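The values are calculated or read from the model by the stated rules, or taken from the named source; none is laboratory data. Computed from a predicted model, the values in this text were never measured in an experiment. Heads up, the Cβs are rebuilt from the backbone with ideal geometry, glycines too, and the neighbour counts pull from every protein chain shown. What goes into the accessible areas is simple: the full protein's heavy atoms, side chains included, and nothing from ligands, DNA or RNA. Shrake-Rupley method; radii C 1.70, N 1.55, O 1.52, S 1.80 Å.
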Amino acid sequence: QVQLVESGGGLVQPGGSLRLSCTASRIITSIYSMGWYRQAPGKQRELVAGTTPRSNTNYTDAVKGRFAISRDNAKNTVYLQMNSLKPEDTAVYYCNTVPPEFRFWGRGTQVTVSS
């Protein structure tokens, strides 16, 4: 059974940066397209960044130019570098395959952007 564990969240001021990590318990990052999703209070979970096994990337318009997704297949890890953070980026961030597998959802990591 695959487990995905997210880490790296926290409280940051507007304009600040965070780097999220997602480590898989088994080798999946080199096989599947992987993505970072987020869910803000009262909103649906949304895909914000994705990367294919060949490291092609795509982003939702709200984070383009500020977030960067990357992967280290040797470590079974996917990263999300988040720069120029805004209060509207506040959410719980999750990683999963793209499209997502229900059984892979982890607990996520909380990102709060506030002064």
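Could you tell me which numbered condition residue 64 fails, if it satisfies all but one of (1) loosely packed, with under 13 Cβ neighbours inside 10 Å; (2) at pLDDT below 95?
Of the numbered conditions (1) loosely packed, with under 13 Cβ neighbours inside 10 Å; (2) at pLDDT below 95, the odd one out for residue 64 is (2).
How many residues are more than 17 Å from residue 49 (Cβ to Cβ) and assigned to a strand (DSSP E or B) if we restrict to region 4-22? Steps first, please.
Residues of region 4-22 that are more than 17 Å from residue 49 (Cβ to Cβ), as a first pass: 5, 10-16.
Imposing the further condition that a residue be assigned to a strand (DSSP E or B) reduces the set to 5, 10-12.
Of the residues in that region, 4 qualify.
Of the residues 108, 16, 50, which single one is at positive phi and at pLDDT 95 or above?
On the way: 16 fails: at positive phi; 50 fails: at positive phi.
None of the other options fit; the residue is 108.
Under 7 Å between Cβ atoms, at least 6 apart or on separate chains: pull out the pairs that start in region 95-115 with a residue that is touching a residue at least 12 places away in the same chain (Cβ under 8 Å) and outside any loop (DSSP other than H, G, I, E, B) and end on any residue that is open to solvent by 50 Å² or more (accessible area, probe 1.4 Å) and of a type outside the set (D, E, K, R).
96/105; 97/32; 109/7; 112/11; 113/14; 113/87
Tell me, please, whether a residue that is assigned to a strand (DSSP E or B), open to solvent by 50 Å² or more (accessible area, probe 1.4 Å) and within 18 Å of residue 9 (Cβ to Cβ) can be found in region 71-85.
Initially, region 71-85 is screened for residues assigned to a strand (DSSP E or B), giving 71-72, 77-82.
Retained after the next criterion (residues that are open to solvent by 50 Å² or more (accessible area, probe 1.4 Å)): 81.
Keeping just the survivors that are within 18 Å of residue 9 (Cβ to Cβ) gives 81.
Within region 71-85, one or more residues are assigned to a strand (DSSP E or B), open to solvent by 50 Å² or more (accessible area, probe 1.4 Å) and within 18 Å of residue 9 (Cβ to Cβ).
Within the bounds of region 97-105, is there any residue that is crowded, with 21+ Cβ neighbours inside 10 Å and under 18 Å from residue 39 (Cα atoms)?
Narrowing region 97-105 to residues crowded, with 21+ Cβ neighbours inside 10 Å: none.
The answer is no, given that none of the residues of region 97-105 is crowded, with 21+ Cβ neighbours inside 10 Å and under 18 Å from residue 39 (Cα atoms).
Going through 51, 57, 29 one at a time, which residue ends up being open to solvent by less than 10 Å² (accessible area, probe 1.4 Å), touching a strand residue (DSSP E or B) at 6+ places or on another chain (Cβ under 6 Å), over 17 Å from residue 7 (Cβ atoms) and among the hydroxyl-bearing types (Ser, Thr, Tyr)? Talk me through it step by step, then tell me what you get.
Values: 57 fails: open to solvent by less than 10 Å² (accessible area, probe 1.4 Å); 29 fails: over 17 Å from residue 7 (Cβ atoms).
Testing whether each residue is open to solvent by less than 10 Å² (accessible area, probe 1.4 Å), touching a strand residue (DSSP E or B) at 6+ places or on another chain (Cβ under 6 Å), over 17 Å from residue 7 (Cβ atoms) and among the hydroxyl-bearing types (Ser, Thr, Tyr) leaves just 51.
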